[in-house]
Amino acid sequence: MELFNNSTNQLLETALNASMTRQNTISNNIANVDTPNYKAKKTVFSHELERAVDRAKLKAQQTDARHIPFGGIGQMSDGTQVKTRTNTMYNHNGNNVDVDHEMSEMAKNQIYYNTLVDRMNGRFNSIKTVLGQGGG
Amino acid sequence: MTMFNGINTSASALTSQRLRMDVVSSNIANADSTRGRMVDGEWEPYRRKMVAMEPKQDFKSHLNRAAITSENTGNGVQVSRIVDDQTPFKQVFQPEHPDANEEGYVELPNVDPLKEMVDMMSATRSYEANVTALDAHKNLLLKALEIGR
């Protein structure tokens, strides 16, 4: 059994990264709240589905770490995808950022992130407890 | 630095909104300035200024949009330029004014204090929203530091 590199820890890590990506998207939407013709973006977590689609597509090869990754469906390393939000009403200046929506999404995301960190700490604390019991 | 991306994004918005606020201040301050600019030897009143904003784009985001369906999270906002309001100046009958024309009319700036107030409130609220976003991002980073403590 892997103590640190098990699937739960990796899943938590992926989720933390995804949550951070979502926070970046929300920040950017709020930053562009007064920008004419700006279209709001959203981060979607669609790990398994996108991976399946990804397999069927061509991917660009990276021969150097500094190359910009592209190809496939542009999946980020944490299984998130950033898309333009199109199912909302547009403002008179072509902007469709809904501040109330963004703020509530941000609140949700914060709680989600804090939960993940707590779970992560819970796991490490369990390991600590186990290590402490061995001394007799 | 990807870690502080969200903070940089919010910071760019704070800068832009503050500039908007500065422009509003300038408009209100010059609401009665009859000598804003010299044009062909004649004084022209102050022209109302407006801020044009656009999303900050870099090469990577352009390439991403061209090559694939997914986008990146964005880099914030920037002020592209400050434009002049081309609406006509106000004409006020004031023969004793040094800048009055032969008929006794003075041209006053095309500044509408109501519009400026609305613009100011909009900038204030946007600024506040961005401070909240920045604070949220800061809290996430601080929370991340607690992992393993």
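Could we say that B:THR34 is over 14 Å from the mean Cα position of the chain (by Cα) and within 13 Å of B:ASN75 (Cα to Cα) here? Can you show your working first?
Values: over 14 Å from the mean Cα position of the chain (by Cα): yes; within 13 Å of B:ASN75 (Cα to Cα): no.
Considered against the rule, which asks whether it is over 14 Å from the mean Cα position of the chain (by Cα) and within 13 Å of B:ASN75 (Cα to Cα), B:THR34 comes out as no.
Name the single residue, out of those in the range B:1-59 being aromatic (Phe, Trp, Tyr) and open to solvent by 40 Å² or more (accessible area, probe 1.4 Å), that is nearest to B:ALA136 (Cα to Cα).
It comes out as B:PHE4.
Name the one entry in B:GLY74, B:GLY41 that is at pLDDT below 90, more than 14 Å from every other protein chain (Cβ to nearest Cβ) and on the phi > 0 side of the Ramachandran plot.
The match here is B:GLY41.
Could you grab the pairs with beta carbons closer than 8 Å, sequence gap of 6+ or different chains, first residue in the range A:15-39 and more than 7 Å from chain B (Cβ to nearest Cβ), second one of a type in the set (S, T, N, Q) and open to solvent by 20 Å² or more (accessible area, probe 1.4 Å)?
Within 8 Å, the pairs are A:ASN17/A:SER77; A:PRO36/A:ASN93; A:ASN37/A:ASN93; A:LYS39/A:THR84; A:LYS39/A:THR86.
Quick one: how many residues across the range A:19-62 are at pLDDT below 90 and either among the hydrophobic types (A, V, I, L, M, F, W, C) or over 30 Å from A:GLY94 (Cβ atoms) (or both)?
Of the residues in the range A:19-62, 17 are at pLDDT below 90 and either among the hydrophobic types (A, V, I, L, M, F, W, C) or over 30 Å from A:GLY94 (Cβ atoms) (or both).
The values are calculated or read from the model by the stated rules, or taken from the named source; none is laboratory data. Bear in mind the structure is a predicted one, so any value in this text is a computation, not a measurement. Note that each Cβ is placed from the backbone with ideal geometry, even for glycine, and that neighbours are counted across all protein chains shown. With ligands, DNA and RNA removed, areas are computed over all heavy atoms of the protein, side chains included. Shrake-Rupley method; radii C 1.70, N 1.55, O 1.52, S 1.80 Å.
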